[in-house]
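The block underneath contains the structure these notes are about, expressed in structure tokens.
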Amino acid sequence: MDQAEKLRNVVKLKNQVYKPNARVITVTSGKGGVGKSNVAVNLAVQMQKLGKKVIVFDADFGLANVEVMFGAVPQYHLGDVIYHGKNIADIITEGPLGIGFVSGGTGVAGLNDLTKEQVISLTKSLQALDRKADVILIDTGAGISSHVLEFVLVSPEVLLVTTADPSALTDAYSLLKAAYRDPRFQRQETKISVLVNRAGSEDEGRMVFEKLSSVVGQFLEGELCYAGSIPQDRMLERAVRQQKTVSLDAPAAKSSRAFEALTASILDMDVRQTTYATGIAQLFSRFWKQTD
């Protein structure tokens, strides 16, 4: 029996009814330096302000951008659940406004090599995590590494962050090309939205999206959604330099207002398209099926 079949048997255990509560959104980018983690953190703040219970899952085990901006240093990470018997509640660090923060740590790197018992234990733990949140934001690494691509392949919702910089657009397209040309990618079950960060104007944000969308439609026969843009803003730049979150540090800034609008749009879509609420346990189940 292969690992994927073992997992399916676990999920379909008799008398076990699992209904995911959390909506999972993967925030990713084709390259570093476009503000991906900053977007994830500000979205979390704005969602929490609107009464949603949010957990940020930091799947970029090479960096610590999220914890720096939250000012929250995690004592444990996902690897402690997998290898050291910690409960999922043990590894949730509380950030500002009560936002939960989970570090993937080195546990993300070892997801492909888990034993049957570890798969069962982690799946049950992640189900508990689903019950603790309305929205789980997964902040991936940047670029086209195998771990970034795997999260894109299994996520029902992907928020792709880019800028108007030509190299950022090229790398964003390269990530999309890798996903669309992967035989495991289920395009009908995946909503990919593009957010243009540090846009000079709303018109520039729309133009950048149209350029990327046109190329994806022509060469990959794919369809992208426009999430919107976050304007270039000196208050945002200052917050980044000071390793702060602009939505908390300067709530009246134009970038903060743009994050408010983006959040309202995303949550409104949640009401109209409930099929995207799959839960993080189910997402990781798809991860193991894809990588088996």
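Within the range 161-206, take every residue that is of a type in the set (A, V, I, L, M), in contact (Cβ under 8 Å) with a residue 40 or more places away in the chain and not in a strand (DSSP E or B) and give me the one that is nearest to S229 (Cα to Cα). The selected residue is A164.
Looking at the range 250-265 only, could you name the residues that are farther than 13 Å from A239 by Cβ and surrounded by fewer than 21 Cβ atoms within 10 Å (Cβ to Cβ)?
Quick first cut of the range 250-265, residues farther than 13 Å from A239 by Cβ only: 257-258, 260-265.
R257, E260, A261, A264, S265 - these are the residues of the range 250-265 that are farther than 13 Å from A239 by Cβ and surrounded by fewer than 21 Cβ atoms within 10 Å (Cβ to Cβ).
Rundown of residues vs (1) at pLDDT 90 or above; (2) among the β-branched types (V, I, T); (3) within 19 Å of the chain's Cα centre (by Cα), yes/no style:
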site	(1), (2), (3)
E67	no, no, yes
A72	no, no, yes
Y76	no, no, no
I92	yes, yes, yes
L97	yes, no, no
F101	yes, no, yes
G105	no, no, yes
V108	no, yes, yes
L114	no, no, no
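Could you check, for the range 128-142, whether at least one of its residues is modelled with pLDDT of 90 or more, small (G, A, S) and crowded, with 23+ Cβ neighbours inside 10 Å? Looking through the range 128-142, at least one residue is modelled with pLDDT of 90 or more, small (G, A, S) and crowded, with 23+ Cβ neighbours inside 10 Å.
The values are calculated or read from the model by the stated rules, or taken from the named source; none is laboratory data. Please read these numbers as outputs of a predicted model, since none were measured by experiment. All Cβ positions, even for glycine, are placed from backbone atoms using ideal geometry, and neighbour counts span all protein chains on display.
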